[in-house]
Amino acid sequence: MHHVTISPKFQVVIPRVVRERLGLRPGQKLQVIEHAGRVEFVPERNIRELKAFVKGIKTDFVREGDRL
């Protein structure tokens, strides 16, 4: 577990090991989610990164009429 300190400007520095594991880059956007008394930072991924994620996904199933 890593600890960070909130600066007077409410800024935090993400520890290097976490940045490297997640592949975070300067200027990258993060979603900030408050849930159950805690704050979560979720990296936004660009569409090109997501394209590889869905490559090969099965799409030949029958959809319900209201889901088209």
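The values are calculated or read from the model by the stated rules, or taken from the named source; none is laboratory data. Model, not experiment: these values are computed from the prediction. Because the Cβ atoms are built from the backbone with ideal geometry, glycine has one as well, and the counts that use them run over all protein chains shown.
Could you go through segment 44-51 and let me know if any residue there is touching a Leu at 6+ places or on another chain (Cβ under 8 Å) and either in a strand (DSSP E or B) or modelled with pLDDT of 80 or more (or both).
yes
Does any residue in segment 7-33 that is over 20 Å from residue 45 (Cβ atoms) come within less than 9 Å, Cβ to Cβ, of a residue that is hydrophobic (A, V, I, L, M, F, W, C) six or more places away or on a different chain, and which pairs are these?
7/13; 12/4; 12/6; 12/41; 13/4; 15/4
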